[in-house]
Amino acid sequence: MVEIVKCEEGHVSLHDSILESRSQLGLIGDISILPKINSRKVKRAIKSYVPGRNIGSEPVLLLVDNTLLRSGKQGMIITPRMLYSFSNISGKFSIKLEDIESVSPQVRYALGNAQLGIVVNGKGFLSLPGMTEDSHIFRDFVEWEGVLVGEEFSPAILYFSIFLHKALACELILDKESDPGPPPWYNNG
């Protein structure tokens with residue numbers, strides 16, 4: 001049973017937003033959505049990057065698996081109340097969903113290699129290197145939202161950023177950030 005977190009009047013819950021966007025989110029190869037999330041991946045993700053290795057009784061609504069071998073040990077999970085993320089490049093990051101004020105798709109560079117990701121609240125970098133899909137569905141949606149797809153971002157990372165912006169009712173920042181310097185970009189653990 002999924003606990004539905006009530007939102008302000010006029011806003012749908014995160015779970016409802018995920019369900020409404022299931023067909024588009026499912027086109028991003030790294031994303032798994034409840035109920036079709038591999039339980040072993042969830043256990044590995046929790047063990048790898050959730051503080052205290054415990055999410056209580058909260059279900060994982062969405063899992064992003066950044067690993068090549070699909071182990072789930074790096075990536076991101078979203079529960080009804082929290083976002084947890086980890087990669088070797090950007091480190092561990094966790095935040096209450098209600099504390100997310102802004103999301104910004106960005107490209108950071110580690111050892112000369114581009115790292116696609118999303119900056120949360122101007123500081124936490126969620127490395128999402130597998131979000132490279134270039135589907136006409138993403139392009140159409142992103143452009144319908146008034147965002148032009150350029151050369152730096154994939155349509156998938158732009159789509160996911162817009163999805164989070166709408167689902168969490170937070171600000172979407174499309175300006176390129178100033179150079180954050182070399183990794184690691186660890187903010188919290």
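Just so it is clear, none of the values below were taken in a lab; they were calculated from the coordinates. Since we're looking at a predicted model, the values are computed, not measured. Neighbour counts run over all protein chains shown; Cβ positions are idealised from the backbone, glycine included.
Among 74, 106, 24, whose mean-square fluctuation peaks in a Gaussian network model of the chain (Cα, cutoff 10 Å)?
Ranking 74, 106, 24 by mean-square fluctuation puts 24 first.
Amide H of residue 82: which non-local residues (sequence gap of 5 or more, or other chain) have their own amide H closer than 5 Å, using H built in the peptide plane?
For residue 82, whose amide H was placed from the backbone, the distant partners under 5 Å are 97.
Would you mind ranking 84, 109 by Cβ crowding within 10 Å, fewest neighbours first? All intermediate terms of the calculation are to be shown ahead of the outcome.
Numbers: 84 22, 109 13.
By the 10 Å Cβ count, ascending: 109, 84.
Compute the FRET efficiency between residue 123 and residue 43 as 1/(1 + (r/R0)^6), taking r as their Cβ-Cβ distance and R0 = 30 Å, and round to the nearest 0.05. List each step's numbers first, then the result.
On the way: r = 29 Å, r/R0 = 0.96.
So, using R0 = 30 Å, E works out to roughly 0.55.
Each residue of the stretch 70-76 in turn: what ³J(HN,Hα) in whole Hz from Karplus with 6.51, -1.76, 1.60 and θ = phi - 60°, glycine and Pro shown as x?
In residue order, the calculated couplings are 6, 7, x, 6, 10, x, 8 Hz.
Want the number for residue 57 to residue 140: 0.36 nm per residue separation, take away the alpha-carbon distance, what's left? Walk me through the intermediate numbers first.
Values: separation 83, 0.36 × 83 = 29.88 nm, distance 3.74 nm.
Gain on stretching residue 57 to residue 140: 26.1 nm.
Among DSSP beta bridges lying fully in the chain, give the percent that are antiparallel, nearest 5. Could you put the intermediate results ahead of the total?
Numbers: 29 of 31 bridges.
Looking only at bridges with both residues in the chain, the antiparallel portion is about 95 percent.
Fewest first, what order do 64, 149 take by the number of other Cβ atoms within 10 Å? It would help to have the intermediate numbers written out before the result.
Values: 64 24, 149 16.
Arranged by neighbour count, lowest to highest, 64, 149 become 149, 64.
How large is ³J(HN,Hα), in whole Hz, for each residue of the stretch 156-172 in order, when computed from phi with the Karplus curve 6.51 cos²θ - 1.76 cosθ + 1.60 and θ = phi - 60°, using x for Gly and Pro?
3J(HN,Hα) across the stretch 156-172, in whole Hz: 5, 5, 5, 4, 5, 5, 5, 4, 4, 4, 6, 5, 9, 6, 10, 6, 9.
Calculate one ³J(HN,Hα) per residue across the stretch 79-85 by plugging θ = phi - 60° into the Karplus curve 6.51 cos²θ - 1.76 cosθ + 1.60, and present them in order as whole Hz with x for glycine and proline.
Those phi angles translate into 10, x, 10, 9, 10, 10, 8 Hz.
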